[in-house]
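Each reported figure results from applying straightforward, stated rules to the coordinates on display, with no laboratory input. Because the structure is a prediction, the values reported are computed rather than measured. Cβ: placed from backbone, ideal geometry, glycine included. Neighbour counts: every protein chain shown.
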Amino acid sequence: MAETTSTVSIKQKMRGLPDDQKQKIKGWCVYDWANSAFSTSITVAILPIYAMALINTFLKNNPDSFFSNFSASGMWAFVVGFSTLLVALSSPILGIIADRMEIKMKLLKVYTIVGAGATVMMFFSAFFGGYDWLFLLLCFFIANTGFAGANVFYNALLPYMGDEELMDDISSRGFAYGYIGGGLLLAIHLGLLMATGNSDLMIRLSLASVGIWWWGFSVYTFRHVPEPVIEDAITDMRAAAITKMAFKELKKTFRELTKFKMLVIYLIAFLMFNDGIQTVLAIAGAFGGDVLGVAMITNMVVILMIQFVAAPSAMAFSRLAEKTSTKKALVVSLLGWCLIISLATGFCALEPDAEEEFIYRAHWVESDETYVISVMDEHELDLEDDGVHRQWNSTWGLANGVNLNASEILLLSAAIEDTEFTLFIADGPASEGIGPKLVYGEEHPSQIGEGTMDSWPEKLREYVWKPLSLGIDGQWLFLGLGVGIVMGGSQALARSIFGMMVPETRATEFFGFFGFIGKAASVVGPWLYFLVSTTMDDRVAVFSILILILVGTVMMHWVDVEEGTRVAKQEDAIKRGGAEQS
């Protein structure tokens, strides 16, 4: 298929840029390569599953603890929200200061040091005994604050990378770098964890390596991306005076927002749909591990697939934007998110039905009038905590070849109903007249429950997942493929639209607001999930996030990007003393 004229011209323009600008763009993109390892391995792939296992073990061993009032995924969502609160409150002020002083790169470096340093500290969680999970959450709180804060200034550099015509391409290129960089390190982590059998030491080393990767590649950005030049920049001012000036300008910015009607409408829409997207990305790993029983290796494989699907997808959505419009391409990606999340609320594990899928099996030996127990091989157990399994075996004295009489088997059946284990009674008195008796513990991932939305996963399991023999791993892979396709487009295009409607002369100030809205979403979304999951259940909490994305998508109908761009150019002309014409 022949390329469109616009596609060819943009590619030619990129190739024709001066070498120093190409180096600057590459340096900017490399930062996405560096810090995306945090959003993949830490936020989604490894840490949520690892933390869920540690938290659930703590809750089982401490049923009367204050923390037992909350679900593990709910606590994760709360920390995700709280960790971005400081950034949400400080972004507009820091953005105004950075617009008046040449400190964008300095602040980017400070937040990077904080985030990468706290990530490395995760390695030492094992030294805190039963509260290792609490230390991990504290490190994550600090690291995520650094990650979110750094992105405010990283995004604010985008308008300085090239003109408006190149904005979609550069923004998408940055995300593509990030998907590949984060995916590459995750692939290394996956190989190491598979080779070592998910050893605790290797998990902690993998977490710490993200901080080293993040800082190491960021050095390239710090060397090759210059501090944007600001006319009449403030070079010497006391902290108190700077803060006073920032609050004064912030108040002025709020008043002047009336001049940027389209930008305001877009920010409100962005608040809604970005709220949903960022919350889904932040709690997906915790939801999968805590509610669906997704194993860490499976989750890592899915996240790895997302990275390498999202990279070409980001560029494909950039091309779609060229053929239609950036706004239309963004709406397509948002509708894709709505479809994917609606299906994700119906994910559920298939109930085991083949004998070899059950953890415990009992066969009746007529001559001895006893049941012989067999136990699934230890390495095949899909349990979050093998220690719980060993404790259970110790309590019941279960092992391959152990004999139990019919009364003991009935007691075992009743006891299993309160656990995550399963029991297959092949024959004998305990299953007489009904064939094999299948016992599923209430905590087993296949047991959905009786929540408000639990009929939805039951229907999907009956009519979709079971006929297709698509277990939870297959469903999670399906989710990963869908997320990979839409994620690149939604993230890159949302940032690009904002960049088009922001005056270049006030870029950091407005990207501070962009950061504020984004971080406010990151606070509200996870806390909404925490509240709904605590008062109702996790599936309803996911559905509440879907509604937010849908509302934001509908609001895009009233966003006129061309009008917003015209107003931004007009503001630049005023700020530059009429040097440019609108």
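So here's what we get for this one:
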{"read-out": "Mean Cβ neighbour count within 10 Å, used as a protection proxy, ranking 35-41, 367-373 highest first", "value": "35-41, 367-373"}
{"read-out": "Residues with amide H under 5 Å from that of residue 402, placed H, sequence gap 5 or more", "value": "373"}
{"read-out": "Shape box of the chain [Cα atoms, principal axes, largest first, Å]", "value": "100, 51, 42"}
{"read-out": "Student exercise, the chain dipole from Lys, Arg, Asp, Glu Cβ charges, in Debye to nearest 20", "value": "3760 debye"}
{"read-out": "Exposure proxy order (Cβ contacts within 10 Å, fewest to most) of 308, 287", "value": "308, 287"}
{"read-out": "Net charge of Cβ neighbours under 13 Å - reference residue 467; Lys, Arg +1; Asp, Glu -1", "value": "+2"}
{"read-out": "For residue 268, net neighbour charge (Lys/Arg +1, Asp/Glu -1) across residues whose Cβ lies under 12 Å away", "value": "0"}
{"read-out": "Segment residue 463-residue 255, length gained on full extension (0.36 nm per residue, minus Cα span)", "value": "69.4 nm"}
{"read-out": "For residue 423, net neighbour charge (Lys/Arg +1, Asp/Glu -1) across residues whose Cβ lies under 10 Å away", "value": "+1"}
{"read-out": "Cβ-based charge dipole, the chain, positive-most Cα from 68, 94, 150", "value": "94"}
{"read-out": "Residues 43, 345, sorted so that the one with the fewest Cβ neighbours within 10 Å comes first", "value": "345, 43"}
{"read-out": "Tilt relative to the chain, helix 296-323 - C-alpha long axis, 0 to 90 degrees, to 10", "value": "30 degrees"}
{"read-out": "Förster radius 25 Å - calculated FRET efficiency between residue 405 and residue 357 (Cβ-Cβ, nearest 0.05)", "value": "0.50"}
{"read-out": "Estimated vicinal HN-Hα couplings, Hz - region 481-486 in sequence order (Karplus 6.51, -1.76, 1.60; Gly, Pro = x)", "value": "4, x, 4, x, 5, 8"}
{"read-out": "Residue order, fewest to most beta carbons within 10 Å, for 455, 218", "value": "455, 218"}
{"read-out": "The chain: relative contact order in percent, alpha carbon pairs under 8 Å with at least 6 residues between", "value": "27 percent"}
